[in-house]
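Comments concern the structure below.
The values are calculated or read from the model by the stated rules, or taken from the named source; none is laboratory data. What you see is a predicted model; the values in this text were computed from it and never measured. Every residue, glycine as well, gets a Cβ built from its backbone with ideal geometry; the counts of neighbours run over all protein chains shown. Surface areas here come from the heavy atoms of the whole protein model, side chains and all, with no ligands, DNA or RNA. Shrake-Rupley method; radii C 1.70, N 1.55, O 1.52, S 1.80 Å.
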Amino acid sequence: MKKSISILGVLLILGCNDPFVTVFEDSSDAVMYEANSKSDSTYDSGGVKVVTWNIRFGIARFPFFGDSCGDDVILDDATIEENMAAIADYLHVMDADIVLLQEVDVSSKRTGYMDQVQYLLDNTNLNYGCYASMWKADFIPSDGIGRIDAGNAILSKYELSDAERIQLDLRTDQDGLTQYFYLRRNIVKAKIPALVQGAKDFYAVDIHATAFATDDTKQQHIDKYVETLAEIQSSGDYFVTGGDFNSIPPGADSTDFCDEDICSGESIHTDADGEPHKEGSYFENFSGEPDILVPLYDTYNSAIDTASYNLPEHFTHAPSTGMIDDTTATMYDRKLDYLFTNGIWENASSKTHQAVWELSDHLPVSAVFNVGGE
Amino acid sequence: MKKFIFYFIIASLVFGETKKWDAHSAYLLPQKRWEMGLFQPFRYGYSESIEYSVHPLWFFVMPNFSLKISQSDFAGFTSASQYKMVYPTPFLNMIAKEGIMGIIAPDFQMPPMLGLSASWLMSKNMAGVNLTLNGGLDLGFAFGDLDTRSTIDIPLVYHRLGVYYNKWGIHTGLDVQKNLTQKFTALFDLDLIFLPMTGLAEVQIDPDASKLMGEYSLEHKLLLIWNKSENFRVLTGYKFVMGEYPYGSDMRLLPYIPMAETWVPIIEFQWARKKR
């Protein structure tokens, strides 16, 4: 008896250890959320407004070390709450039915452990959410990041089901130790039963593709994304999809933003062949990268059409510390964020919301899905 | 007050009971004996009533010093008081940096900080089992602006440094030691660190302070000890920590190897000698 108790005790204790860094299966369940107090969640009729927005974990234009020329890591809680309130307010103003979010923190030291998915559900007219972590670790022993849980989320007025986290390939241009502590990017996909049209199910699909890989990881990410959408398409169902693709549109004027993004003390373009490039600022790391989105444009309907996608009024991103001159911030200088559907967007419904450039280093893009349109 | 100080000094001079290999008890080291381990401090029996200890490897980046003084027996227990002092600032500023091993964000400059701790220890042999009870008060002084976002939110560390943010804390514990054979000993210990609810007024000014309220850590250790000789021993076992952190409750079995995602047993070597 004593022996059994001892063995049980040891097993219980051994069972208490969660992984230090969470790794994911190729496919796993997304984490489900609900607003504490729901607004009307019945779909009546009319278009469905879809928004994609990389909200940069609510730090707005804070000079964060990881994605700008800043060297700060942790913003104070009051400012994060202010930023998140502004994001919630704008989502409310847009009156979106479905929101595809990237870079959302749910339990991270850098954002005071605020559960931003829950916060947005509780402070907007959105009722349901699902979340897929892309970076989950008890402690990142670098740059004071500490505990982190950040990822993608789909928020919706209507109930979500069958929410799935689809793992994307890891970068192959990192050593084992860096890769262990690094991001595990994903696609999150969910069904929205309220929007079923006849026999056709309705899906929302959200992606945040790699930004900083210098190998062809981005190609693997887009390939997996295209494969995921093709599965829905071949089942005869509808989808609305989007996210931060970290890719510029085909035919963009420039594929090299190193000069625009360079930080003091950095060295770029020093070799005869123009290398090295700044990670995340160069879009020709592998053959075919400038045209990486062509299959999406060829197959599906884009919210911002091919005639407009390279116009400045549809740029969605600039690093938060980018400056045109000593006093003027670069608000946006490239397009990285997209919306697509295999259905139809309502005419003239698409918009890049450049007025809210101060709320993140990415801008929201919205469009209205035409329910019943063929 | 004078009477109290006089009594305290007299009580301190009482020769305590000495014992080898018993760092956490009220027993002091025999005079002129030293003991140290890979992960344990260097301890020295200065006299029959005073023992001091320092973490020699940590000393140059985190000056620390501890003094154990024997006291009069209390309720049949051998008693001692222990006083600790630590100055963690140089080490914390070393790890407040960019890049790998940047444990604290480089945004923060840690101010001069002083940690003081006083404990009362009581030990007794009961039916072949050595029992030690301890309890005490921890004080943390920060001589400058200590940003609440600079906490290190991991087991063992968070609550020890939490005292600087909370300004004070209390600790209590229980150690049970039993000789299994002539060469083997088992040690079971349980420690509770508590950062009591304080600073309500501060929370009005700084909402971050609310995260530090009422947080506890329960630590438990089970060790099997092989006493090779009076001068060398090997310890193995585990440490279990559960507590409340700024992000919620958590528990972990230690030591834990992150990349292998597995627990491994503690392996500790300890040496001792007697100074001639």
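What residue among A:ALA60, A:ALA303, A:ALA199 shows peak mean-square fluctuation when chain A is described by a Gaussian network model with Cα springs under 10 Å? Taking springs between Cα atoms under 10 Å, the residue moving most is A:ALA199. Our Cα-only numbers for region A:314-374 put the radius of gyration and Dmax at 14.6, 51 Å.
Using the Karplus relation 6.51 cos²θ - 1.76 cosθ + 1.60 with θ = phi - 60°, the per-residue 3J(HN,Hα) values for region B:161-173 come to 7, x, 5, 6, 7, 8, 6, 7, x, 10, 9, 8, x Hz, with x marking Gly and Pro.
Relative contact order for region A:40-105: 52 percent, from Cα pairs under 8 Å spaced at least 6 residues apart, divided by residue count. By the Cα gyration tensor, region A:256-374 has an equivalent ellipsoid whose semi-axes, rounded to whole angstrom, run 31, 19, 9 from largest to smallest. In terms of overall dimensions, region A:123-206 has a Cα radius of gyration and Dmax of 16.4, 52 angstrom.
For A:ASP26, the solvent-accessible surface computed with a 1.4 Å probe is close to 120 Å², ligands and nucleic acids excluded.
The 3J(HN,Hα) values that the Karplus relation (6.51, -1.76, 1.60; θ = phi - 60°) gives for region B:143-155 are, in residue order, 9, x, 7, 9, 6, 5, 7, 8, 5, 9, 8, 9, x Hz. Gly and Pro appear as x. Measuring between their Cα centroids, region B:229-269 and region B:71-106 lie 18 Å from each other.
I need the fraction of alpha carbon pairs in chain B separated by more than 32 Å, rounded to a whole percent.
That fraction is 28 percent.
When the trypsin sites (Lys or Arg not before Pro) in region A:267-350 are filtered for DSSP coil states and for at most 13 other beta-carbon atoms within 10 Å of their beta-carbon, no site remains. For chain A, a Gaussian network of Cα nodes joined below 10 Å ranks A:VAL51, A:VAL226, A:VAL117 by mean-square fluctuation, and the top entry is A:VAL226. Computed over the alpha-carbon pairs of the protein assembly as shown, the distance histogram in 20 Å steps reads 16, 42, 27, 13, 2 percent, short to long. For B:LEU254, the residues whose amide H sits under 5 Å from its own are B:LYS239, B:PHE240, B:VAL241, ignoring neighbours fewer than 5 places away on the same chain, with H placed 1.01 Å from N. Among the trypsin sites (Lys or Arg not before Pro) found in region A:34-109, not one is both in a DSSP coil and sparsely packed, with 11 or fewer other Cβ atoms within 10 Å of its Cβ. Accessible surface of B:HIS24, taken over heavy atoms with a 1.4 Å probe and every protein chain present, rounds to 80 Å².
Highest mean packing comes first when the peptides B:106-118, B:258-270 are listed by Cβ atoms within 10 Å, giving B:106-118, B:258-270. Neighbouring Cβ atoms from other chains, within 10 Å of the Cβ of residues in A:134-141, number 3 on average.
Ordering B:ARG233, B:ARG160 by accessible surface, largest first, gives B:ARG160, B:ARG233; the 1.4 Å probe counts only protein heavy atoms, with every chain in place.
Normalised by the number of residues in chain A, the mean separation of alpha-carbon contacts (under 8 Å, six or more apart) gives a relative contact order of 19 percent. Taking the Cα atoms of region A:167-218, the ratio Rg/Rh between the radius of gyration and the Kirkwood radius comes to 1.22. Of interest is the spacing of the C-alpha centroids, which for region B:110-164 and region A:303-339 amounts to 52 Å. The simple spin-label model puts a point 7 Å past each Cα toward its Cβ; for B:LEU57 and A:GLU81 those points are separated by 4.2 nm. With a simple spin-label model that places each label point 7 Å from the Cα along the Cα-to-Cβ direction, the separation between A:ASP271 and B:MET85 comes to 5.7 nm. Computed on region A:65-217, the Cα convex hull volume stands at 127 Å³ per residue. Each principal axis of the Cα cloud of chain A was evaluated for its coordinate range; sorted largest first, these ranges are 76, 57, 41 Å. Centroid-to-centroid, using Cα positions, region B:173-190 and region A:201-280 are 59 Å apart.
With every protein chain in place and a 1.4 angstrom probe, the accessible-area ranking of A:GLU284, A:GLU25, A:GLU346, largest first, reads A:GLU25, A:GLU284, A:GLU346.
The length gained by stretching the chain between A:GLU34 and A:GLU227 to full extension, at 0.36 nm per residue less their Cα-Cα distance, is 66.6 nm. Students often get this wrong, so check it: of A:LYS109/A:LYS278; B:LYS20/B:LYS167; A:LYS49/A:LYS335; A:LYS157/A:LYS224, which have C-alpha atoms separated by over 29 Å? Checking Cα-Cα distances, B:LYS20/B:LYS167 exceed 29 Å. GNM, chain B, Cα, under 10 Å: largest mean-square fluctuation among B:SER25, B:SER229, B:SER70? Comparing B:SER25, B:SER229, B:SER70 in the GNM, the peak value goes to B:SER229.
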